[in-house]
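Undergrad: The structure follows.
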Amino acid sequence: MKTRTTRALRCSATLAASGLLLTACGSSGSDSGQSGTASFEGRGPITYVAGKDTTGTVQPMLDRWNKLHPKEKVTFIQLPTDADAQRQQMIQNAETKSDAYTVLSVDVVWTSEFAAHQWIDLLPEQRFPLARMLKPVVETAKYRGGLYAVPASSDGGMLYYRTDLLKKAGISRPPTTWAQLTADCPKARKLPEAKDMSCYAGQFQKYEGLTVNFSEAVNSAGGAVTDANGKPDVDTPAAKKGLDFLVGSVKDGTIPREAITYQEEDGRQAFQSGKLLFLRNWPYVYSLAGKSEIAGKYAVAPLPGLNGPGSSSLGGHNMALSSYARNKATALDFIKFMTSEETTATFLKDASLAPPYAGLYDDTALVKQYPYLPVLKESILHAVPRPRVVQYGDVTSAIQREAYAALTGTKSSAQALKDLQKDLQQSAAQ
Ligand code: GLC
């Protein structure tokens, strides 16, 4: 075991010296550490640890498992909704080598870090139907070519908009560029029922959601956070255009001031209660908004960009097995259950979560319920991954710090990008 940790960390250190490589330390699979595969033994009670379930669909699924496995029951441990807080608690659990957490719902951006530290086990690939899943989604669960988690739900950012108000204002289709979005708002606000509404919100609080939204703005302007080789490349005119869209939108009120405090749930509430015309959010909002006062009055479109449709950051959650857990045989079966096509189809039907299985996006009945599925599939296939690095915690803190400084006006966009480039280079060199 020790050899594996040392090798993995040494590997990331070598990488660090050469820059923030996107796929840390090769993904050929030739040295995937298969010899380190844990023995999955022990049956009995387990826990499932994930961010707070805002959809209300997780416990019913666990009840289904518990009914089938009365001697191997799973208990749901819900962490905060904030992705950074979830990461902190999972790391704390691992650092104390606690067996309190068994199966972890890990954000796609934590795979390299958790795997390199051996906080999660290398999993037997052949036990999961990965070939039927979207390829970029499976990649999010791999580190050094080995499978360290199994895709459970993917995520692609989408633009939610008020169909009723746009139509009434004479706008025939949703905006594909930022300029159109900015111009659509005053038109819609001329309607008496929209005069007090705000224009646009995303996730701009200082946490992982800001890393997502900042990266999307940069990528949607033709820039990048890291180049094709994984090296920091954010101090560019294109990246500045992306950040300037966000900063300019806060200044001119397109993004309301209070949206700087928004995480996913705050934006969803504002959109559902009729306070927002446009919202950048994940697919889970689609189903919940359908049960709100704006039911039947919204739709989704691809994210807009500088000169045409933008690109989303690749989000999502995978199921990993804590290295310090007990009852790993049960845990493996539970991961299989939670990531099966049947379970993920249920989460799609009941909670509009993006499934990892390619086929579900073309299923006629599902597309009838969720007409945006083909668009979402494309968005996921072309989504830009956040840096896949062991030192992801440092990378995301630097992005959050600099993007927030620019949004709140403490730094110019140019200075923030310059400082960010330096921070990213420094963290790569550690
Ligand atoms: C969603 C995404 C995840 C992302 C997070 C940011 O949960 O699935 O990948 O990091 O939002 O808030």
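Here, each number is a calculation from the coordinates, and none is a lab measurement. On a predicted model such as this, the values are computed, not experimentally measured, just so you know. Here the Cβ is made from the backbone with ideal geometry for all residues, glycine too, and neighbour counts use every protein chain on show.
Undergrad: How big is region 151-264 in terms of Cα radius of gyration and Dmax, in angstroms?
TA: 15.7, 51
Undergrad: What's the FRET efficiency of residue 190 with residue 382 using the Cβ-Cβ distance as r and R₀ = 45 Å, to the nearest 0.05? Present the calculation step by step, with values, prior to reporting the outcome.
TA: Values: r = 35 Å, r/R0 = 0.79.
With R0 = 45 Å, the Cβ-Cβ based efficiency is 0.80.
Undergrad: Further question on the same structure: What are the principal axis extents of the Cα atoms in the chain, in Å, biggest first?
TA: So the three principal-axis extents are 65, 50, 33 Å.
Undergrad: Moving to a separate point now. For the chain, what is the charge dipole size about the Cα centre, in debye to the nearest 20, if Lys and Arg each add +1 at the Cβ and Asp and Glu each add -1 at the Cβ?
TA: 220 debye
Undergrad: Right, something else. Choose one answer from 156, 359, 308: the residue with the largest mean-square fluctuation in a GNM of the chain with alpha-carbon springs under 10 Å.
TA: Highest fluctuation among the options: 359.
Undergrad: Related question: Would any residue of region 291-328 have its amide N under 19 Å from a label point 7 Å out along Cα→Cβ of residue 336? List them or say none.
TA: 319-322, 326-328
Undergrad: Using Cβ contacts closer than 10 Å as the measure, can you line up 382, 317 from fewest to most? Before the final figure, lay out each step's value.
TA: On the way: 382 14, 317 25.
The fewest-first ordering by Cβ neighbours comes to 382, 317.
Undergrad: Which residue, 413, 221, 130, has the largest displacement toward the positive end of the dipole of the chain when charges sit on each Cβ (Lys, Arg +1; Asp, Glu -1)?
TA: 221
Undergrad: To continue, here is another question. Each residue of region 41-50 in order: what ³J(HN,Hα) in whole Hz does its phi give by Karplus 6.51 cos²θ - 1.76 cosθ + 1.60, θ = phi - 60°, with x for Gly and Pro?
TA: Couplings: 10, x, 10, x, x, 9, 10, 10, 10, 8 Hz.
Undergrad: Tell me, in nm to one decimal, what length is gained between residue 275 and residue 414 on full extension, where the rule is 0.36 nm per residue of separation less the Cα-Cα distance?
TA: Going from the current span to full extension adds 46.9 nm.
Undergrad: Per residue, what volume in Å³ does the Cα convex hull of region 33-121 take up?
TA: 109 Å³
Undergrad: How far apart, in nm, are the 7 Å Cα→Cβ label points at residue 329 and residue 251?
TA: Here the answer is 6.5 nm between the modelled labels.
Undergrad: Which order do 350, 53, 233 fall in if you start with the one that has the fewest other Cβ atoms within 10 Å?
TA: With the fewest neighbours first, 350, 53, 233 line up as 350, 53, 233.
Undergrad: I need the calculated FRET efficiency for the pair residue 92 and residue 59, taking r as the beta carbon distance and R₀ as 30 Å, to the nearest 0.05. Can you show the working numbers first?
TA: Details: r = 24 Å, r/R0 = 0.81.
That pair, residue 92 with residue 59, gives E of 0.80.
Undergrad: Report the residue, chosen from 326, 268, 189, that carries the largest GNM mean-square fluctuation when the chain is represented by alpha-carbon nodes joined by springs under 10 Å.
TA: 189
Undergrad: Something else about it: 222 nm [θ] for the chain, helices only, -39500 (n - 2.57) per DSSP H run of 4+, per residue, to 500?
TA: After summing the helix terms and dividing by the residues of the chain, the value is -12500 deg cm²/dmol.
Undergrad: Taking 0.36 nm per residue of sequence separation and subtracting the Cα-Cα distance, how much length would be gained by fully extending the chain between residue 41 and residue 228, in nm to one decimal?
TA: Extra length from residue 41 to residue 228 when fully extended: 63.2 nm.
Undergrad: Sticking with this structure for a sec: Run through the DSSP bridge list for the chain and note the antiparallel percent, rounded to the nearest 5.
TA: For the chain, the DSSP antiparallel bridge percentage is about 65.
Undergrad: I've got another one for you. In terms of the Cα gyration tensor, with a ≥ b ≥ c the square roots of its eigenvalues, is region 270-403 rounded because a/c is under 1.5, prolate because a/b exceeds b/c, or oblate?
TA: Because a/c hits 1.5 or more and a/b fails to exceed b/c, region 270-403 counts as oblate.
Undergrad: Cα centroids of region 206-280 and region 114-158: how far apart, whole angstrom?
TA: When both Cα centres are located, 27 Å separates them.
Undergrad: To the nearest 10 degrees, how steeply does helix 413-429 sit against the main Cα axis of the chain, on a 0 to 90 scale?
TA: Once rounded, one gets 10 degrees.
Undergrad: Relative to the present Cα-Cα distance, how much length would full extension add between residue 364 and residue 163 at 0.36 nm per residue of separation? Intermediate results must be reported in sequence, preceding the final value.
TA: Values: separation 201, 0.36 × 201 = 72.36 nm, distance 2.34 nm.
Full extension from residue 364 to residue 163 adds 70.0 nm.
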